[in-house]
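The values are calculated or read from the model by the stated rules, or taken from the named source; none is laboratory data. Just so you know, these numbers come straight off a predicted model, no measurement behind them. A quick note on method: Cβ atoms are made from the backbone with ideal geometry, for glycine too, and the neighbour counts reach across all protein chains shown.
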Amino acid sequence: MKTWKHILVGVAISSLLWLAACQPSGKTEKTIPENQTTHRSEAPPSPKKKVETEAKNEIKKNYKVKLLTMEPSLEAKEVKVSFDMQPNDGVVVAITDVGHVAIHSDTLQTNAQAHTLKLDKLRPGIYLVSVIAPSGQRASKELFWQ
């Protein structure tokens with residue numbers, strides 16, 4: 001019988017400790033002004049990150065992509081694509097369905113001007129042939145495949 005009393009006393013003490021831990025301590029919470037950040041360290045961003053961010057922004061601004069010609073060949077089941085991109089740092093040529101879901105894509109090296117997409121398993125329908133710059137900019141034309 002003594003063990004039951006010890007167990008009940010232990011449960012009661014642990015319950016009281018738990019309740020005491022859950023109670024607010026009476027301290028008022030600090031409110032942070034809207035213009036102040038809540039970062040742990042108040043150090044300014046590193047110069048390396050700043051340079052990387054500037055480089056990314058420069059990449060997004062400077063690319064010019066043009067899809068010049070697109071010549072589908074039903075017999076060979078391929079599409080010849082020629083394009084112009086300045087600066088030409090490599091490009092992705094892709095064929096997507098109308099919802100921009102990639103069906104096939106090829107990554108090309110620097111200074112590529114044309115590419116042939118092989119379309120062996122393509123069903124009849126409407127597709128988009130796209131030339132995509134490293135920055136994400138794209139030029140697309142519709143392809144009506146029969």
From Leu108, Leu67, Leu74, residue being out of contact with any Pro (no Cβ under 8 Å at 6 or more places or on another chain) and either exposed (fewer than 13 other Cβ atoms within 10 Å of the Cβ) or on the phi > 0 side of the Ramachandran plot (or both): Leu74
Within the range 66-111, can you find the residues that are farther than 16 Å from Lys141 by Cα, modelled with pLDDT under 80 and not in a strand (DSSP E or B)? Leu74, Ala76, Pro87, Asn88, Asp89, Gly90, Gln109, Thr110, Asn111
Does Ser135 count as within 23 Å of the chain's Cα centre (by Cα), in a strand (DSSP E or B) and not hydrophobic (A, V, I, L, M, F, W, C)? no
